[in-house]
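**Student:** Mind looking over this structure? Questions follow.
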Amino acid sequence: MIRYKNRPLFIASAGLSLVMLLTAVYFLFLDSGAPRDAWDVMLALAVPCAVVWVLIRVGLIPYVEWDAGRVTIRNPFVVYSAPLSKVRLLGRSEKDGAFEIAGVGSVTPWAMMRSVFDGQRANGARRDLRRAILRTHEADKDVDPSVSRRLRLGWFDVLPLPFIAACVWAFMP
């Protein structure tokens, strides 16, 4: 099984998330003492939580995983899973690095998109996945034929709530 994550983006997102949360805790408890009420905590955590949520969705979640018979593409909001035999490569003139999955449509793996952090490792992963897709049509007997697309939800989806609450509170009459 091969799993590809955009490692530099993963490390940068994790580091920035940690720094933002530590800064919020410092300003909440160490800089001016204990917060006076719940709204102080809500306002202090609003922007760091929203930024951390975006960084988790963009940098920590996306990956592409494949083995002899199946590919799983985890994008920021949706997870696709299909047998390699139902995946067709789209040409370079269309979307770069995109696949056509039977029953789902065109899917671009977020972790393999061209970016500033793109390098030999990403190109090698794209090449290996293309080879796996091209070879799988020969031996695809014992693979589950189901294709799935599902929404990705997790514990981190509560992180935007302080930001939404602060926006509602700020715009109330």
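The values are calculated or read from the model by the stated rules, or taken from the named source; none is laboratory data. As the structure is a prediction and not an experimental result, all values here were calculated from the model. Please note: Cβ atoms are built from the backbone with ideal geometry, for glycine as well, and neighbour counts cover all protein chains shown. Keep in mind that these areas ignore ligands, DNA and RNA; they rest on the heavy atoms of the full protein, side chains included. Shrake-Rupley method; radii C 1.70, N 1.55, O 1.52, S 1.80 Å.
**Student:** Take LEU21 and decide whether it is closer than 18 Å to ASN123 by Cα and either hydrophobic (A, V, I, L, M, F, W, C) or loosely packed, with under 15 Cβ neighbours inside 10 Å (or both). It would help to see each step written out before you state the result.
**Tutor:** Values: closer than 18 Å to ASN123 by Cα: no; either hydrophobic (A, V, I, L, M, F, W, C) or loosely packed, with under 15 Cβ neighbours inside 10 Å (or both): yes.
So LEU21 fails the test.
**Student:** Just to be sure I understand the filter: pairs with C-beta atoms under 8 Å, separated by 6 or more residues or on different chains, first member in the range 10-32 and over 18 Å from LEU60 (Cβ atoms), second member of a type in the set (A, V, I, L, M). Which pairs pass?
**Tutor:** Listed by first residue and then by second, the contacts come to ALA24/ALA44; ALA24/LEU45; PHE27/ALA44; LEU28/VAL41; LEU28/ALA44; LEU28/LEU45.
**Student:** Looking at PRO76, PRO48 in this structure, which one is closer than 25 Å to ILE11 by Cβ, part of a helix (DSSP H, G or I) and open to solvent by less than 20 Å² (accessible area, probe 1.4 Å)?
**Tutor:** On the way: PRO76 fails: part of a helix (DSSP H, G or I).
So the residue among PRO76, PRO48 that is closer than 25 Å to ILE11 by Cβ, part of a helix (DSSP H, G or I) and open to solvent by less than 20 Å² (accessible area, probe 1.4 Å) is PRO48.
**Student:** Take LEU89 and tell me if it is farther than 24 Å from GLY105 by Cα and surrounded by fewer than 21 Cβ atoms within 10 Å (Cβ to Cβ).
**Tutor:** Taking the combined requirement at face value, the residue does not satisfy it.
**Student:** Looking at (1) within 23 Å of TRP110 (Cβ to Cβ); (2) part of a helix (DSSP H, G or I); (3) touching an Asp or Glu at 6+ places or on another chain (Cβ under 9 Å), which is the one condition that is false for ARG3?
**Tutor:** Failing condition for ARG3: (2).
**Student:** So, one more: Looking at the range 56-73, which of its residues are surrounded by fewer than 20 Cβ atoms within 10 Å (Cβ to Cβ) and farther than 16 Å from MET113 by Cα? Full working, then the answer.
**Tutor:** Quick first cut of the range 56-73, residues surrounded by fewer than 20 Cβ atoms within 10 Å (Cβ to Cβ) only: 56, 58, 60, 63, 65, 67-69, 72.
Within the range 56-73, ILE56, ASP67, ALA68, GLY69 meet the criteria.
**Student:** Could you list, in sequence order, all residues of the range 161-173 that are surrounded by fewer than 16 Cβ atoms within 10 Å (Cβ to Cβ) and either of a type outside the set (Gly, Ala, Ser) or under 25 Å from the mean Cα position of the chain (by Cα) (or both)? Don't jump to the end; show me each part of the working.
**Tutor:** Keep residues of the range 161-173 that are surrounded by fewer than 16 Cβ atoms within 10 Å (Cβ to Cβ), which gives 161, 164, 167-173.
Answer for the range 161-173, where residues must be surrounded by fewer than 16 Cβ atoms within 10 Å (Cβ to Cβ) and either of a type outside the set (Gly, Ala, Ser) or under 25 Å from the mean Cα position of the chain (by Cα) (or both): LEU161, ILE164, CYS167, VAL168, TRP169, PHE171, MET172, PRO173.
**Student:** If ARG126 satisfies every condition in (1) under 30 Å from ALA68 (Cβ atoms); (2) in contact (Cβ under 8 Å) with a residue 40 or more places away in the chain; (3) surrounded by 13 or more Cβ atoms within 10 Å (Cβ to Cβ); (4) not small (Gly, Ala, Ser) but one, which is the exception?
**Tutor:** (2)
**Student:** At pLDDT 90 or above and loosely packed, with under 12 Cβ neighbours inside 10 Å - does that describe any residue in the range 106-121?
**Tutor:** As a first pass, look at the range 106-121 and keep what is at pLDDT 90 or above: none.
Taking every residue of the range 106-121 in turn, none turns out to be at pLDDT 90 or above and loosely packed, with under 12 Cβ neighbours inside 10 Å.
**Student:** Quick one: in the range 26-43, of everything that is over 17 Å from PRO160 (Cα atoms) and assigned to a helix (DSSP H, G or I), which residue is least open to solvent (accessible area, probe 1.4 Å)? Full working, then the answer.
**Tutor:** First, pick out the residues of the range 26-43 that are over 17 Å from PRO160 (Cα atoms): 26-37.
Subsequent filtering for residues that are assigned to a helix (DSSP H, G or I) retains 26-30.
Numbers: TYR26: 106, PHE27: 111, LEU28: 14, PHE29: 109, LEU30: 129 Å².
This residue is LEU28.
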